[in-house]
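No value in this document is a laboratory result; all are computed from the given coordinates. All values derive from a computational prediction rather than experimental measurement. Here the Cβ positions follow ideal geometry from the backbone for every residue, glycine too, while neighbour counts run over all protein chains shown.
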Amino acid sequence: MAANIKISSFQKRIKPSNPNILGTKISAVNSTLNVSFGVTSLDQIIDGGLPLGSLCVVEEDIYGSYAKIITKYFLAEGAMQKNFLLSASLNENPWDLLNNLPSPVTEPRETNIIENREELKIAWRYENLTLEDNNQRLGNAFDLSIPYVMPETQKANLAVWGETVTPNLQRGTGTLKNSNCLSLLKAIEEAIKKWELDSGTSPNLLRIVVSSFGSPFWQFDENKSSLSTDFTATLLLLKSIVRSTNAVALVTIPHQLLNQSLVSRSRHLADVVIQLKSLREDPHLRDLMDVHGILELKKVANLTSLKPILGQDGTTTYGFKATKRKFKIEKLHLPPAIDDDKSSPDHSSSLGCSSAASKTNLDF
Amino acid sequence: MADTVMKALMLDKIQIDGKSVLIVQHSDGSPFVHSLLTHSARQGRRICLVSFSQSIGYYHNVGTRLGWNLNNLLSKNQAVFIGGLHTLKNSFQSQCPSNPFNFLFNPASCPLQALFLAIESVILGWIEQPFSVVIDELDCLLNLGIEPKEVIKFFQQCHSLIQTYSNGSLVVSIGVTPLDKEITQCSTLLSHWSDLILTERGLQTGKSRDLTGTLTVKWNVSPFSEQHFHFKCFDRGVKMFAPGTAVL
């Protein structure tokens with residue numbers, strides 16, 4: 001019986017070959033392709049990262065320094081994954097951001113692995129909490145103090161847009177008038193065409209970073225009576241461009257300088273909105289917490305179903321610590337009250353009730 | 001998953017023909033737009049979906065979880081999608097006058113005319129059968145630089161379409177924030193012209209795993225009632241509860 005007889009008519013379904021896009025991971029919750037932020041703790045909160053094709057708006061802290069750290073991590077992760085990078089900025093030279101990316105380090109693995117987690121008898125309420133230091137390294141670790149020297153081959157993957165780069169700008173004739181915005185959108189279009197990212201089969205993606213969008217350098221002329229709709233129109237156009245190509249956009253806005261209605265409109269438009277608040281602004285909270293600032297997930301849109309995406313364990317407010325080398329996000333908690341003389345008892349108790357954001361692990 | 005939205009809105013007993021629904025969303029009212037789309041699809045109505053800030057893929061993905069297939073309906077010509085992120089991108093790349101978003105780049109005396117004509121031409125093909133016009137996030141037009149009076153005029157034109165062809169229904173959703181005067185004024189004005197107003201808010205104290213938000217249902221015509229509900233969004237639908245009963 002040498003002839004090959006087909007016994008069943010079963011045919012294996014061959015999936016059309018999907019090129020594996022560099023730097024993305026399939027999300028467990030949503031089955032969207034998620035792009036890592038570079039900060040592993042942020043990835044853990046937002047379900048693996050930003051969905052491919054989405055627009056993320058970061059509302060900067062008052063001096064913009066922590067937002068800048070996040071954009072550096074975002075671009076550095078892109079450099080590691082050999083993605084295309086586009087940095088746009090009017091506040092400073094966009095090349096400065098690309099030349100000062102943090103370099104990757106491999107942290108030594110912890111040797112004391114907790115093998116048998118004993119049942120906690122006294123602190124049994126802590127049993128269900130997720131262990132923060134997982135031995136599984138989920139992404140790259142970066143060191144902010146050492147600037148990354150990009151290999152020559154990767155320098156072709158970079159693009160910038162900024163004041164010194166673009167020549168004479170023309171004002172638009174339709175409702176979108178701002179020349180800076182039109183020029184930025186054109187530059188992004190050209191970059192996408194150059195790298196063929198809208199063909200649908202490209203194995204790579206483009207990370208776009210726009211720093212301090214909406215700062216006075218952008219010249220959005222606002223009178224008291226009308227809002228500058230160029231701001232929101234540009235965000236919407238950016239979202240439309242990014243959605244149909246292999247690209248992700250991260251835009252940081254100085255929300256304290258802008259009209260609050262503009263900020264709330266941009267929250268409606270964007271897919272993911274993260275707000276950073278430095279504790280330098282609020283001297284009362286600084287005594288209570290040992291973090292340097294608060295990170296709030298104002299919005300995480302679900303692009304494939306109705307179910308809302310809440311952060312890890314249901315919280316949307318986290319704290320972050322930024323040292324010279326590292327940036328880390330962690331859950332808020334009250335630090336152990338060892339020195340009770342520092343803050344007066346009335347102060348701490350009233351703020352303890354009102355800061356509903358801090359998640360105390362003890363509930364009676 | 002029992003979808004209790006239609007029962008709460010009393011739309012299982014009251015016909016939606018000839019009526020206009022306004023969804024005012026303070027945080028995220030998209031579950032109700034999708035529920036109304038599902039309801040229309042299940043009843044076999046023709047759907048004209050107009051969107052300004054989402055792509056077809058998004059409505060299709062959410063729709064499949066809720067039980068209807070947008071791509072199928074599009075191919076059978078029972079649904080038409082106007083606008084969307086793809087058209088917005090095309091308006092930037094190639095500026096052709098029939099694109100509804102062309103007003104962004106070329107001056108026009110009546111910016112929303114192309115959009116309205118597109119909708120009207122679709123409807124005129126469907127006069128005999130029941131149809132629904134669903135406009136998602138009308139406030140995006142304000143974000144794109146159109147003046148509020150033009151947006152109101154556009155809404156009035158769509159509303160008159162429904163009143164002329166009485167087997168159609170209009171669903172409009174508009175996102176507001178209390179700080180934004182223009183949009184709040186628009187939504188208040190539109191709510192006077194609508195028959196059913198759904199006001200969706202998030203919870204006042206933050207986010208919760210038990211509830212997604214609150215909904216106020218107000219009928220301006222026959223039942224003349226106003227009711228409050230709490231709702232929770234699941235992967236496959238939305239469940240409505242009387243206030244306080246979500247955890248029972």
Subject >> Other protein chain Cβ atoms within 10 Å, averaged over every residue that makes up B:86-94 >> reply: 5
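Set the Förster distance to 56 Å, then compute FRET efficiency between A:ARG171 and B:SER225 from the Cβ-Cβ distance, nearest 0.05. It would help to have the intermediate numbers written out before the result.
Details: r = 52 Å, r/R0 = 0.92.
The calculated FRET efficiency here is 0.60.
Using the 10 angstrom Cβ neighbour count as an exposure proxy, how do B:LYS13, B:LYS153 rank, fewest first?
Working: B:LYS13 9, B:LYS153 16.
Final ranking by Cβ density, sparse to dense: B:LYS13, B:LYS153.
Would you please put A:93-100, B:240-247 in order of how densely packed they are, using the mean number of other Cβ atoms within 10 angstrom per residue and starting with the highest? If you can, show how the numbers build up before the last one.
Numbers: A:93-100: 17.4, B:240-247: 13.0.
Per-residue Cβ counts within 10 Å, averaged per peptide and sorted highest first, yield A:93-100, B:240-247.
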Original post:
Just for the Cα atoms in the stretch B:104-248, what are the lengths along the principal axes, largest first, rounded to whole Å?
Top reply: 54, 38, 30
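List the trypsin sites (Lys or Arg not before Pro) in the stretch A:42-82 that DSSP assigns to loop (not H, G, I, E or B) and whose Cβ has at most 16 other Cβ atoms within 10 Å. Which are they? Don't skip to the end; give the middle numbers.
Working: sites: A:LYS68, A:LYS72, A:LYS82; in loops: A:LYS82.
Filter output for the stretch A:42-82: A:LYS82.
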Subject >> Cα principal axis extents for the stretch A:174-320, largest first, Å >> reply: 51, 42, 27
**OP:** Would you compute, for the Cα atoms of the protein assembly as shown, the largest minus smallest coordinate along each principal axis and list the three values in descending order, in whole Å?
**Re:** 89, 74, 62
Subject >> In the stretch B:88-149, the GluC sites (Glu not before Pro) that fall in loop regions by DSSP, at most 10 other Cβ within 10 Å >> reply: B:GLU128
Original post:
Using the Kirkwood formula over every pair of different C-alpha atoms, what hydrodynamic radius in Å results for the stretch B:142-198?
Top reply: 12.3 Å
**OP:** Using Cα pairs closer than 8 Å and at least 6 residues apart in sequence, work out the relative contact order for the stretch B:128-248, in percent.
**Re:** 17 percent
Original post:
Using 0.36 nm per residue, how much length does the chain from B:THR164 to B:ALA246 gain when fully extended, once their Cα-Cα distance is taken away?
Top reply: 25.4 nm
Subject >> chain B: C-alpha pair distances exceeding 33 Å, % >> reply: 15 percent
Original post:
A:ASN100 versus B:ASP235, label points 7 Å from Cα toward the beta carbon: distance in nm?
Top reply: 4.5 nm
**OP:** Express as a percent, rounded to the nearest 5, the fraction of DSSP beta bridges in the protein assembly as shown (both residues included) that run antiparallel.
**Re:** 45 percent
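Just to verify a number: FRET efficiency for B:ILE14 and B:CYS110, C-beta to C-beta distance, R0 = 41 Å, to 0.05? Please list the in-between numbers first.
Values: r = 35 Å, r/R0 = 0.87.
For B:ILE14 and B:CYS110, the calculated efficiency is 0.70.
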**OP:** Quick one: order A:HIS255, A:HIS333 by neighbouring beta-carbon count within 10 Å, fewest to most.
**Re:** A:HIS333, A:HIS255
Original post:
Tell me, what HN-Hα J-couplings in whole Hz come from the Karplus equation 6.51 cos²θ - 1.76 cosθ + 1.60 at θ = phi - 60° for each residue of the stretch A:291-296, using x for Gly and Pro?
Top reply: 9, 8, x, 10, 10, 10
**OP:** Give the dimensionless ratio obtained when the Cα radius of gyration of the stretch B:67-155 is divided by 2.2 N^0.38 Å.
**Re:** 1.17
